[in-house]
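To keep things clear, I will list the structure first and then write my remarks on it.
The values are calculated or read from the model by the stated rules, or taken from the named source; none is laboratory data. Model, not experiment: these values are computed from the prediction. FYI the Cβ positions are ideal-geometry reconstructions off the backbone, even for glycines, and counts take in every protein chain you see. We work out accessible area using only protein heavy atoms, side chains counted, and drop any ligands, DNA or RNA first. Shrake-Rupley method; radii C 1.70, N 1.55, O 1.52, S 1.80 Å.
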Amino acid sequence: MAIDRRTFLLAGGAVLLAPAPGADAACHPDVFAAACREPSGAYSAIAYDETCGVTQRVILPGRGHDLVQRPGTRECVVFARRPGTFAVAFVAGGSRQPVHFSSRPDRHFFGHGVFSPNGRLLYTSENDFDEGRGMIGVRDATAGYRQIGEFPSGGIEPHDLCLLGDGRTLVIANGGIETHPASARENLNIATMEPSLAYVDIATGELLEEHRLPQSLHKLSIRHLALAQRDEVYFGCQYEGPITEHPPLIGFHRRGEPLHLIDAPDALYRPMKNYIGSVSADRNGEMVAATSPRGGLALVVDVATRRIITERSLSDVCGVAPRHAGASFLLTSGAGDVGTWSPNATDGVLHRENLSWDNHAILLDAV
Amino acid sequence: MQTKFHLGRAMMKILALAMWFAVLAAGPFAGAVAFDHPGVARRALERHIVPAYERLNTEAAKHVTAIAALCQTPSAANLEAARAGFKSALIAWGHIEHIRFGPISEQNRYDSMLFWPDPRGISRRHITRALSQQDPDVLVPESLATKSVALQGFTALDTLLFSSESDALKQPGAAGQFRCGYARALAVNIERIAQAVREAWSNSSAFAHVWLHPGPGNPAFLKPEETTHALGQAYLMGLENVRNIRLGGPLGFKDRNARPLTPVVPYSGLVLDLAIADIEGLRDLLLGSGLAEASRDGEPAHTVMQSVTGELQMMIPNLRKAAAMSPKPFQDANARNTLILLGYPLKNTHDTVLQYLKQEAGLTMGFNSLDGD
């Protein structure tokens, strides 16, 4: 009897480049990209325009997570959600067939990546699951994303990563939670997890700095990053301890200093349900937004004062991206909502698309 | 008058239609009595959670007694009694292991009860070292409790009581004495955890108070629907665990080169007994909380949810069938196919309840909020 994995898990999905309904280069200067789930259950990567709505969809082999734009081009790479193994490079607004590539057989992606400033090399957070250590894969974008190397991430479960302004120092959020594809997404080491923020030289793979939270907060997983002005790294956390405890979920770091968590009244953090799903800095690096889909809340931090200045409710909100105008963010939700936030504006939900936006959204730079 | 009457009827039809659309547009409960979230929370506590932890506590205490008797008088009969106690306690754990929030999530208790999955074999290495080095710390419950969770709980007891070396427990001797002392400390810690968790859920000044009184000052549940959300999430994650990890892991639906998982409690061969207990526990959660009954007072029972509990029940004979086919069901072609076919009802009972929670209970079981991404 031929019963296979696909029959059991009801997984799968065709791979094709869908037409771009309503595609129009003149729609709006703010064009975003995000992964999503279609009403059919298929997964895709979407280009989205605030005026024209969805302008392009690229069907994916499975659920996507974050995307990254290749500098100087309209090419985007979307990564599989953990523990997925695929990544797809497509041209936003273009008709070129997508380029598919995957992790090594003994690795899987964690859903995030970053390009070198010249757009030639792609760095991806990956799991060396048999050794239980995080790795950063290095691929050549000019050679069909062929993998040309890798180096350790400095911890377990590298998730988000950013390149500092020097174009050479990679900052990595090592979430600290061990998982293994044989046991799906089950957390394996909550009792002993040790998240960290690591700085690595991408030219040599050398671990430059490594920072951990106090032992009492070893279950506070550092997962998502945003780079604010002057290379100040903001991070968003998820807490794996009891639901009756509410540690701060947002922090920041400057090289050479310890990690700082942003204290706030319990009434601000508690509704976040110990979970931040995405962090993003605005265009000028002066504000940082962090979203909690569990709490249906977005918090905005003023970088100058390092204080939470406002909150915004949107059910199942997770995706957050800067808009071209400073001090302004786009927000997306699992219910399909697209909203914006900016100070002194009564922004509401812009649209409700008939799809579920995934955790992350990015603003595409004009080229 | 006749014309007026007809006009009136037409107007009434239009009005009725308009009201119907207004009800639809306003959401699932517009115009109806609100979903009884506090009632679901109280019923789940009183009919499912507390009784299940009481049973676990009782079985764990019996297991301690059985192992103490084995240590006092090593014999084949006493080893069998200790093994039977292990099975009863494990089954009792299976009935409630889907509740992963509350007191069980404190002090690493959940992982201390059952450290699994363990794809890199950490438990085996730790236990082997403790036995070979005769680590005295594992003989004392208090010191054992401070050591790695990989050394604790049902996983370690499975090794001590059921592996081939467990024959040492049948007769007096140093090897058996150390092994039995370690097993006794493990059983005592399981009992202590079960007792602490049961008491916290039973005590109106402990977690039971948090559970039954959601509100702005509550440390965990700000709104009444959040307790239903926690139960829903426990159910959904419990089913995913059975499907994707307990069964899917050893079946070897692996990504790339990941090896199939070693089944949970491999030496006792109770993996499918535990899966049955898991499914019974999830069924009991739906029945006990009343989620399978009327969603609001005075309404008929929810037939879709009743079909879910029926579908859960129907999986149990197939699990028993697979268990009867082979002591190693994941390596037997017929047993494997029987288990693989359970993938459909396991997914269906997941997805149906997910829809129910959205439409009937008005919950946002969010696309992103169920994830750990």
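Inspect the stretch B:209-229 for any residue being among the polar types (S, T, N, Q), under 19 Å from the mean Cα position of the chain (by Cα) and open to solvent by less than 20 Å² (accessible area, probe 1.4 Å) and give the result as yes or no.
yes
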Problem - Qualifying position, being among the β-branched types (Val, Ile, Thr) and open to solvent by 20 Å² or more (accessible area, probe 1.4 Å), among A:Val99, A:Val78, A:Val88 - result: A:Val99
Problem - Enumeration of residues in the stretch B:98-113 that are buried (at least 22 other Cβ atoms within 10 Å of the Cβ) and not in a helix (DSSP H, G or I) - result: B:His98, B:Ile99
Exercise for the section: Exactly one condition in (1) modelled with pLDDT of 95 or more; (2) crowded, with 24+ Cβ neighbours inside 10 Å; (3) under 18 Å from the mean Cα position of the chain (by Cα) is not met by A:Val58; state its number. Expected result: (3)
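Test of understanding: among B:His126, B:His63, which residue is more than 25 Å from the chain's Cα centre (by Cα), in a helix (DSSP H, G or I) and on the phi < 0 side of the Ramachandran plot? So that I can check it myself, show each step before the final result.
Values: B:His63 fails: more than 25 Å from the chain's Cα centre (by Cα).
Checking each option against the conditions leaves just B:His126.
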Handout entry: Inter-residue pairs, beta-carbon under 8 Å, first open to solvent by 20 Å² or more (accessible area, probe 1.4 Å) and in the stretch A:275-287, second of a type in the set (Val, Ile, Thr) and in a loop (DSSP other than H, G, I, E, B), 6+ apart
Key = A:Glu286/A:Val303; A:Met287/A:Val303
Fill in the blank from the handout: Requiring at least 2 residues that are at pLDDT below 95, the helices (runs of 4 or more DSSP H) wholly within the stretch B:280-373 are B:303-325, B:343-359
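Identify the residue in the stretch B:339-355 that is open to solvent by 10 Å² or more (accessible area, probe 1.4 Å) and touching a residue at least 12 places away in the same chain (Cβ under 8 Å) and, among all such residues, is farthest from the other protein chains (Cβ to nearest Cβ).
Only one residue tops the list, namely B:Thr352.
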Problem - Neighbours by Cβ (under 9 Å, 6+ apart or cross-chain): first from the stretch A:212-231, at positive phi and at pLDDT 95 or above; second open to solvent by 60 Å² or more (accessible area, probe 1.4 Å) and of a type outside the set (Phe, Trp, Tyr) - result: A:Arg230/A:Gly165; A:Arg230/A:Arg254; A:Asp231/A:Gly165; A:Asp231/A:Asp166; A:Asp231/A:Arg254; A:Asp231/A:Arg255
Handout entry: Residues located in the stretch A:117-148, provided they are acidic (Asp, Glu) and open to solvent by less than 50 Å² (accessible area, probe 1.4 Å)
Key = A:Glu126, A:Asp128, A:Asp140
Completion exercise
Across the stretch A:62-99, the tally of residues that are more than 15 Å from A:Ala35 (Cβ to Cβ) and away from every other protein chain (no Cβ under 14 Å) stands at 13
Handout entry: Residue selected from the stretch A:209-248 under the condition in a loop (DSSP other than H, G, I, E, B) and farther than 24 Å from B:Arg109 by Cβ, by the criterion nearest to the other protein chains (Cβ to nearest Cβ)
Key = A:Pro248
